[in-house]
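Below is one structure, written out as structure tokens; the observations come after it.
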Amino acid sequence: MGNLGESLIEELTCETVFTVHGIGISESVVVTWVIMAAVLLASILLTSRLKVENPGRGQLLLEHAVVSIQNIGTGIIGEEGRQYGAYLSAILIYIGIANTIGILGFKPPTKDMNVTAALALMSIILIEFAGIHKKGVRGWLKSFAEPIAIVTPINILEVFIKPLSLCMRLFGNVIGAFVIMKLIEHILPWVLPVPFSMYFDIFDGLIQAYVFVFLTGLFIKEAIE
Amino acid sequence: MSTLIAIGAGIAVLAGIGAGIGIGIATSKATEAVARQPEAEGKIMKILLLGSALAEATAIYGFVIALFIIILLA
Amino acid sequence: MLRLDINLLFTVINLVIWYILIRIFLFKPINNIISKREASIKSRYDEAQAIKEEAQAEKEKCRAFQANLEEEKAKIVAQANEKARIDYDNIVEDARKRAKQIVDDSKREAEFQKENIVGPAEEEIRALIMDIASKSLASTDNDSALYDQFLEKAGEMNNAGL
């Protein structure tokens, strides 16, 4: 069992891939770069041959996929905050790919708390920015005292709890799935992991990506109301 | 020391009880809803999945805390 | 995995770049293409609508022309009818006049003939009467024979004259 624990710990730690001027670049950042490069290349390749007239099946499929992803983003946030829809869609694509990239043998970037913390940080910045943009600084400050003044500490606490909850939810889900997958692979590395991988890597990963985006959208909607 | 850590981690993971009960209730209600209105199955399914994912979060928090205890204290 | 360090900042930068990349290289071209297609469909639809309207106008014009033609035709026919009626009336009038004239002429002719025939007959009858009167003055004995003779002569004349 000591062997398993050690290997698990080793798998869980995010290694520093290389060091530039004493700054260690971790694996998650590198994997994110890989994802970015791959998606950039794919989207340039796919969108270079788009036709207005008589689109092929592939183009229709791509258009449908992209439009439905955008619709998910704008559908969560509603008509009022349309400008934040594109961000939600982009984040949805990123988390979806990051969560499911474990299938290809990469370590999921969302397994690193830096990534989920960064996502949560951006979410809370966007939420508060949306609130300030909509209500102005005074209105935003006043909104902490709503509905009654006594809940102000709780509202202030919420500014920290929201991103923490988002961060930990995503991180915990991904790392939990990762640990369970490693345990199953330790028991039987051949056939058994396939159905579990279907659930933990693909289904759970996509659901968690959607939940993250959904909650961010919900918070933004709440902030701009 | 390691025994105490293990006990602590085990207690932290008890948070999963709440998530289990919550998801169970949600699923039973969803079943009832589908039985009452089979045509709304798609919508109910979507809401159930979302609710389950949210309810699961408490269990995940427990798991994360257990992980923290094990890794940070070991 | 449980540490927060400088990589958080890198990830934030990565995410911002990711967002920009996705917007520029994925969402923009696809949305562009879709809006272009929609515009082209709309323009084509408008074009079709315009052509349809034009055709409708053409049809309307054609119908108006046809109606005009019909009217013209009716007018011409009515005119011809009118003319024919007048002609007919004229002809009939003429015929009637001529017939009347013929009848009058023949009447006059008959009158004239009658005059012509009756005049000499009267003359003859007068002469006869004078003759008979002179005869009767000459011989008064057998009146009956004279009467018979007179009647016979008169009957003869009657048969000849009438």
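Since every read-out is calculated from the coordinates, none of them should be taken as a lab result. If you're wondering where the values come from, they're calculated on a predicted model, not measured in any experiment. Cβ coordinates were reconstructed from backbone atoms using ideal geometry, including for glycine residues, and neighbour counts include every protein chain displayed.
Just a few scattered comments:
- Among the residues of A:62-70, the average count of other protein chain beta-carbon atoms within 10 Å of the residue beta-carbon is 3.
- A simple packing score, the average count of other Cβ atoms within 10 Å per residue, orders the peptides B:39-46, A:162-169, A:64-71 as A:162-169, A:64-71, B:39-46, with the highest score first.
- The angle between the Cα long axis of helix B:2-13 and the longest principal axis of the Cα atoms of chain B comes to about 20 degrees, rounded to the nearest 10.
- Summed side-chain charge close to A:V211 - residues other than A:V211 whose Cβ falls under 14 Å, Lys, Arg +1, Asp, Glu -1: +1
- Scattering profile of the protein assembly as shown at q = 0.06, 0.07, 0.08 Å⁻¹ [log10 I(q)/I(0), Debye over alpha-carbon scatterers]: -0.49, -0.58, -0.68
- Equivalent ellipsoid, the range A:106-202 (semi-axes from 5 times Cα gyration tensor eigenvalues, Å): 41, 13, 9
- Kirkwood's formula applied to the C-alpha pairs of the range B:7-74 gives a hydrodynamic radius of 13.2 angstrom.
- Residues A:V159, A:V31, A:V137, B:V13 in ascending order of nearby Cβ atoms (within 10 Å, fewest first): A:V137, A:V159, B:V13, A:V31.
- Centre-to-centre separation between the Cα atoms of the range C:102-142 and those of the range A:129-207: 156 Å.
- Residue-averaged 222 nm ellipticity for chain A, from DSSP H runs of 4+ at -39500 (n - 2.57), nearest 500: -25000 deg cm²/dmol
- Cα gyration tensor category, rounded, prolate or oblate, for chain A with a/c compared to 1.5: oblate
- Chymotrypsin sites (Phe, Trp or Tyr not before Pro) within the range A:176-223: DSSP coil, no more than 12 neighbouring Cβ in 10 Å: A:W190
- Scanning chain A for long hydrophobic helices, with DSSP H runs required to stretch 18 angstrom or more by C-alpha along their axis and to average at least 0.5 on the Kyte-Doolittle scale, returns A:27-48, A:57-77, A:85-100, A:113-142, A:152-187, A:204-224.
- All alpha carbon pair distances within the range C:16-161 were sorted into 10 Å bins beginning at 0; the resulting P(r) in whole percents reads 8, 12, 9, 8, 8, 7, 7, 6, 6, 5, 5, 4, 4, 3, 3, 2, 1, 0.
- Remark: mean inter-chain Cβ contacts per residue of A:34-43 equal 3, using a 10 Å Cβ-Cβ cutoff to other protein chain atoms.
- Residue-averaged beta-carbon neighbours from other chains (10 angstrom radius) around A:111-119: 6
- Mean sequence separation of contacting Cα pairs (under 8 Å, at least six apart), scaled by the length of chain A, corresponds to a relative contact order of 26 percent.
- Cβ-based net charge around A:F200, under 15 Å, with every Lys or Arg adding one and every Asp or Glu removing one: -2
- Tensor-based shape of the range A:92-139 (alpha-carbon gyration tensor, a/c under 1.5 rounded, otherwise prolate or oblate): prolate
- Neighbour net charge for C:E123 - beta-carbon separation under 15 angstrom, K R +1, D E -1: -1
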